[in-house]
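Before any comments, here is the structure.
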Amino acid sequence: MTLMSFMEAMSTSSFPLIAAFFIGLMTALSPCPLATNITAIAYISKKIGDGKKTLLTGVVYTLGRMFTYVLLASLIVYIGLNVQAISLFLQKYGERILGPLLIIMSLIMLNIIKLPSLKSGDKINRLKEKLSEKGYFGSFLLGVIFALAFCPFSAVLFFGMLIPLALKYSDGILIPSVFSLATGLPVIIFAFILTFSVSKLGKIMNKVQTFEKYMRYAIAIIFLIVGAYYTWRIWI
Amino acid sequence: MNKLIYIGIGLFILLLVFFIPKYINGDATALSNSKISSDIEKIEVYHFHATNQCYSCKTVGNYAEETINTYFSDELKSGKLVFGHINGELPENKALVDKYEAKGASLLIGTYYKDGNFTKEENVQVWYKISNKDDYMGYLKDVIEQKFSGN
């Protein structure tokens, strides 16, 4: 039995949660989510000094993906939004926004574009700084946005397989949650590996801060490349 | 923040506990709208795609065309079987996209019955078979044959 036929058999399993999980795994391996997940891994591992934090950031990124997928599925299952309309809309615009967005993010990380500095006086701003400092808010947002970027194959998996499953069982929450977990799993696993390997390496070298600076530039370059790839594919 | 994550995990487990009994009782309502009829008028196989096609999208369409040309050339000539690559972004194809409710790149099979009924079905399994052409063609051949036999 080949890997693909195994994936197919599991994705069409009569137990819906197993099916949802394997549709999610297949999604994680399909081109678009793979590209966004690699970008996310790069982003998440920028603060490799703290292993536990890296792992939690990976979990938060997955929660961000879950937010989007559950929201979409719930709108369809409970409110009855038209699947065809949402699918075509997201395939048309989701991908288009993603490329330029990644490029802008990379320019911010490279300090080419400077964000207006916030006065850290009031509580809201302090909270905002705390959240972004830890990287949780950023990775949650990254998950939310990346999940919206549907490519043809990931759209087939989500709108052609997962949504019919969710509709069949009138479940717009748990089925998409399990699916999301599987789409973010590679990121969590990589964050886990990074936690135990790279952070040790950094500590041994005792140059964590220098290491982080270079990591940040490397990540910005990854964002730029992935962003340019999407932009080129869609706009040109 | 850590607390939030633990709360999130806790909520997820609660959801699992809440929803799982539903599946075990098997009270799902099947969406089956297939009507069994021995009198098939015509079968349409359409490969819907966008103007910019991904690699897998092209493969799904090309293998489908090859399957039909190889195994159903007689039906194709007699008009019992119709095949087409449909660019969903062109305005002239809008009616077909709406009729089939195509949600993007997809392989859709429509069955016309002599009593005037029409059913459509998206086949998602072909996407898993694009790495193995023989497997893909054998599978799609069986699917189309079954449709013709009225199943």
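Out of A:Leu181, A:Leu167, A:Leu148, A:Leu142, report the one residue that is aliphatic (A, V, I, L, M) and either at the interface with chain B (Cβ under 8 Å from one of its Cβ atoms) or touching a His at 6+ places or on another chain (Cβ under 7 Å) (or both). Even if it seems obvious, please write down each step before you answer.
Details: A:Leu181 fails: either at the interface with chain B (Cβ under 8 Å from one of its Cβ atoms) or touching a His at 6+ places or on another chain (Cβ under 7 Å) (or both); A:Leu148 fails: either at the interface with chain B (Cβ under 8 Å from one of its Cβ atoms) or touching a His at 6+ places or on another chain (Cβ under 7 Å) (or both); A:Leu142 fails: either at the interface with chain B (Cβ under 8 Å from one of its Cβ atoms) or touching a His at 6+ places or on another chain (Cβ under 7 Å) (or both).
So the residue among A:Leu181, A:Leu167, A:Leu148, A:Leu142 that is aliphatic (A, V, I, L, M) and either at the interface with chain B (Cβ under 8 Å from one of its Cβ atoms) or touching a His at 6+ places or on another chain (Cβ under 7 Å) (or both) is A:Leu167.
In the range B:53-62, which residues are within 14 Å of chain A (Cβ to nearest Cβ) and part of a helix (DSSP H, G or I)?
Restricting attention to the range B:53-62, the residues satisfying the condition of being within 14 Å of chain A (Cβ to nearest Cβ) are B:53-61.
Within the range B:53-62, B:Tyr55, B:Ser56, B:Cys57, B:Lys58, B:Thr59, B:Val60, B:Gly61 qualify.
Scan the range A:1-12 residue by residue and report those that are within 11 Å of another protein chain (Cβ to nearest Cβ) and either surrounded by fewer than 21 Cβ atoms within 10 Å (Cβ to Cβ) or free of Cβ contacts under 8 Å to residues at least 60 places away in the same chain (or both). Break it down stepwise before answering.
First, the residues of the range A:1-12 that are within 11 Å of another protein chain (Cβ to nearest Cβ): A:2-12.
Matches in the range A:1-12: A:Thr2, A:Leu3, A:Met4, A:Ser5, A:Phe6, A:Met7, A:Glu8, A:Ala9, A:Met10, A:Thr12.
Find all pairs meeting these conditions: Cβ atoms under 6 angstrom apart; at least six residues apart or on different chains; first residue within the range B:115-143 and within 11 Å of another protein chain (Cβ to nearest Cβ); second residue loosely packed, with under 15 Cβ neighbours inside 10 Å.
Qualifying pairs under 6 Å: none.
Please specify each residue of the range B:105-141 satisfying the condition of being over 22 Å from B:Gly79 (Cα atoms) and of a type in the set (A, V, I, L, M, F, W, C).
B:Ala105, B:Val124, B:Val126, B:Trp127, B:Ile130
Only the coordinates and a few stated rules stand behind these numbers; no lab work does. Please read these numbers as outputs of a predicted model, since none were measured by experiment. Cβ coordinates were reconstructed from backbone atoms using ideal geometry, including for glycine residues, and neighbour counts include every protein chain displayed.
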